[in-house]
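So the structure is just underneath, and the comments pick up after that.
The values are calculated or read from the model by the stated rules, or taken from the named source; none is laboratory data. Bear in mind that the values here come from a model prediction, so they are computed numbers and not experimental data. Every residue, glycine among them, receives a Cβ derived from its backbone with ideal geometry; neighbour counts consider all protein chains shown. For the accessible areas, the whole protein counts, side chains as well, though only heavy atoms, and no ligand, DNA or RNA atoms are used. Shrake-Rupley method; radii C 1.70, N 1.55, O 1.52, S 1.80 Å.
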Amino acid sequence: MPFEPIEPRRLFRRIAEQIAAMIARGDLPPGSRLPAERELAQRLNVSRPSVREALIALEIAGLVEVRGGSGVYVRNGAPEPVAQPADAPGPFDVLEARMVVEPECAARAARAEPAARAAVAEAFGRMAAARRAGRPDEDSDRAFHLAIAEAAGNTALARIVGGLWRDQTAPLASRLTDLAVSPARRRDNLAEHAAIATAIVAGDAAAARAAMRRHLSAVRRARLQGLEGA
């Protein structure tokens, strides 16, 4: 197949555009299976996370179908343009930014006044209750992280974290989350949040920072594995 290397500085949408063009030309006919993610990354000279984001963007656009345990296949029907704003960050870019900002927010929250730390504990309690009841907890997860940012006592940091979470709920990131979340991951995720909340309530800034880093690192690993079955 005439794949052309893509410069590493290019974003995932450029990968998606090239694959979409190949589908439109018939180089990748309906029903055909795309090469494995690792092979695509090597042939396009890009990272595997970028390939993963591109494949999900193509799925959202209706061009491919991700079949767990089987692969990624070109769908039948006329190709559609990849619907992604030119300035929208990819999910892994968002996660990287969160890993820069949120651990320090957690450390600052651990040094906050008792009332602010109690608000973090209450937010975790709502998240845990939703999880135990089997209810969707995306909103309470977001509220927990925003409570930490607010407890950090810096309005600019709180605004940054809020913006990152808005990006994380965009269709591309949401689909990646769907592929990454398993029952085991949900249990681990709750335990990670509990460790963050416990450290903040205890006023242990170093432990809060480390717990947040561990959590976000685990989130990234889960998303990297999200298409492994395909």
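Before we move on, is I200 in contact with a Cys (Cβ under 9 Å, 6 or more places away or on another chain), outside any loop (DSSP other than H, G, I, E, B), open to solvent by less than 20 Å² (accessible area, probe 1.4 Å) and over 25 Å from V66 (Cβ atoms)?
no
Give the residue that is modelled with the lowest pLDDT, with candidates limited to residues of the stretch 89-121 that are within 18 Å of S174 (Cβ to Cβ) and open to solvent by less than 20 Å² (accessible area, probe 1.4 Å).
G90
All but one of (1) closer than 30 Å to A41 by Cβ; (2) in contact with a Phe, Trp or Tyr (Cβ under 9 Å, 6 or more places away or on another chain) hold for I196; state the number of the condition that does not hold.
So the condition that I196 fails would be (1).
I'd like the full set of residues that are in a helix (DSSP H, G or I) and either farther than 16 Å from E192 by Cβ or among the basic types (K, R) (or both), limited to the stretch 111-129.
P114, A115, A116, R117, A118, A119, E122, R126, A129
Can you pull out the residues in the stretch 15-37 that are closer than 13 Å to V72 by Cα, touching a helix residue (DSSP H, G or I) at 6+ places or on another chain (Cβ under 9 Å) and charged (D, E, K, R)?
Matches in the stretch 15-37: E37 only.
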